[in-house]
Amino acid sequence: MDFVPLIDTIGEPQTLALAGLALGTAFGIVLERSEFCTRSAVLEAVSGNGLKFLPMWMLAFATAMIGVQLLLLTGQIDVSETRFFSTPQSLSGAAVGGGLFGIGMILARGCASRLIVLGASGNLRAIFTVAILAGTSWATYQGPLVPLRNYLAGLWSTGTLGTNDLANLTGFDHTGLAIGLITLSIAIIVSLTKRVAIWHYLAGALVGALIVAGWAISYALSTQVFDPIQAESLSYMRPLANSVNYAANGAAESYLSMDVGIISGTILGAFAASVVFRGFKLKGFSEPGTPHVLRYVCGGILMGFGGILAVGCTIGAGLTGTSVLAVNSLVALTAILGWGALTSVLIERISLKPKVAASLATAE
């Protein structure tokens with residue numbers, strides 16, 4: 001991919017933002033149409049009901065893992081200088097932050113990316129929660145919560161392991177392919193057993209394919225821009241913080257980046273899809289069955305702080321980071337899923353609502 005002509009025409013910041021906009025728009029459309037949601041996958045895993053979102057999530061994970069690993073093995077991309085591997089990464093931050101994010105995801109009834117999509121589709125509860133999440137992520141990324149973040153992140157790092165690359169730890173270059181193929185096999189078996197609709201196969205594969213595309217595009221850009229950038233695929237925590245910076249500084253060009261494009265594109269794609277397919281609908285806190293507003297507040301705060309501490313959310317760590325076998329991302333994903341599952345079980349037990357109704361509720 002040659003971006004030099006475009007860079008010469010509109011400039012580096014604009015090209016980066018445009019690339020992020022294209023990726024984010026495609027991602028927003030797919031997520032809005034498929035209702036792809038990690039929280040819903042966790043609820044299905046815990047309850048055993050439905051089994052639509054879980055195989056979809058597994059297909060996305062497998063597609064991202066296999067696709068990115070093939071890019072690495074064939075030399076199409078190089079991630080050695082990315083944030084995942086250029087310096088030691090925090091394992092304590094991944095474990096604690098991932099756990100907090102998982103709890104927050106259940107409380108807020110959706111992770112960062114899902115809430116952005118819901119907000120763009122008219123869900124006022126999601127917009128409210130994303131605003132809290134974005135503010136907390138900024139405060140944790142470069143605001144008053146930085147000292148606490150640094151303390152927790154400094155407790156344990158991959159420096160004690162000598163590497164953040166799982167393949168190096170196992171000594172097997174095809175570790176990622178093996179994980180991806182095993183996950184893909186399980187997802188296909190579950191899908192066939194439960195007769196999952198073909199659209200959910202395609203949706204999961206598309207989500208994973210966009211992670212692969214994000215790595216390929218950002219790596220190409222990193223080799224062609226004058227001001228150095230690190231290759232990375234889709235994520236939502238740091239991009240939210242950087243989008244706050246961009247807006248707070250009057251949309252100054254110096255704050256324009258791929259991150260800003262990803263957030264803007266996701267909103268645009270989800271909004272367009274919800275309007276075209278008549279899914280746009282205003283939903284507030286007054287609707288029956290809606291939890292107390294403080295639950296959303298707590299969820300947004302926990303995800304904002306936890307996501308930055310873990311250096312990733314269900315997308316940034318769960319798909320982008322794990323696809324390159326970053327150990328800290330694998331730890332973060334495990335913590336997100338584990339604490340998310342535990343929180344959902346605890347909420348079920350203390351809830352006065354019928355169990356089936358609570359278990360089958362999608363992210364909202």
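The values are calculated or read from the model by the stated rules, or taken from the named source; none is laboratory data. Because the structure is predicted, anything quoted here is derived from the model rather than measured. Every residue, glycine among them, receives a Cβ derived from its backbone with ideal geometry; neighbour counts consider all protein chains shown. Accessible surface areas use protein heavy atoms only, side chains included; no ligands, DNA or RNA. Shrake-Rupley method; radii C 1.70, N 1.55, O 1.52, S 1.80 Å.
Across the range 197-287, how large is the tail of the calculated P(r) beyond 15 Å, expressed as a percent of all Cα pairs? Intermediate results must be reported in sequence, preceding the final value.
Working: 2969 of 4095 pairs.
Of the Cα pairs, 73 percent sit more than 15 Å apart.
Each residue, L124 and A22, gets one label point 7 Å from its Cα in the Cβ direction; the gap between the two is 3.8 nm. Rg over Rh of the range 1-58, using C-alpha atoms and the Kirkwood radius, what does it come to? Rg/Rh: 1.30. Sorted on the mean count of surrounding Cβ atoms within 10 Å across their residues, most packed first, peptides 278-287, 107-116, 155-164, 207-216 read 107-116, 207-216, 155-164, 278-287. Peptide packing for 318-327, 335-344, 303-312 was compared via the average number of neighbouring C-beta atoms within 10 Å per residue; ordered from the highest value, the list is 303-312, 318-327, 335-344. For the range 233-364, the share of alpha carbon pairs falling in successive 10 Å distance bins from zero is 10, 29, 37, 21, 3, 0 percent.
Summary of the geometry: the range 61-138 and the range 203-221, compared by the centres of their Cα atoms, lie 14 Å apart. Its alpha carbons considered, the chain gives a radius of gyration followed by a Dmax of 19.3, 61 Å.
Hey, what number do you get for the chain at 222 nm if only DSSP H runs of n ≥ 4 count, each worth -39500 (n - 2.57), divided across all residues, to the nearest 500?
Working: 16 runs with 241 residues, N = 364.
Helices in the chain give a 222 nm mean residue ellipticity of -21500 deg cm²/dmol.
What is the percent carbon and sulfur in the accessible area of the chain, measuring with a 1.4 Å probe over the protein chains and ignoring ligands? Carbon plus sulfur share of accessible area: 67 percent.
Once you divide the Cα radius of gyration of the range 42-86 by 2.2 N^0.38 Å, the number left is 1.65.
Full extension of the chain segment joining L181 with A248 gains 19.7 nm, where the gain is 0.36 nm per residue of separation less the Cα-Cα distance. Here the 3J(HN,Hα) profile of the range 163-168, calculated from phi with Karplus coefficients 6.51, -1.76 and 1.60 at θ = phi - 60°, is 6, 10, 9, 4, 4, 5 Hz, Gly and Pro shown as x. Is the range 82-184 best put as rounded, prolate or oblate by its Cα gyration tensor, with a ≥ b ≥ c the root eigenvalues, rounded for a/c under 1.5, and otherwise prolate when a/b is larger than b/c, oblate when not? Oblate, since a/c reaches 1.5 and b/c is not below a/b.
I'd like to check one number: the per residue accessible area of the chain, probe 1.4 Å, reported in Å² as a whole number.
On a per-residue basis, 42 Å².
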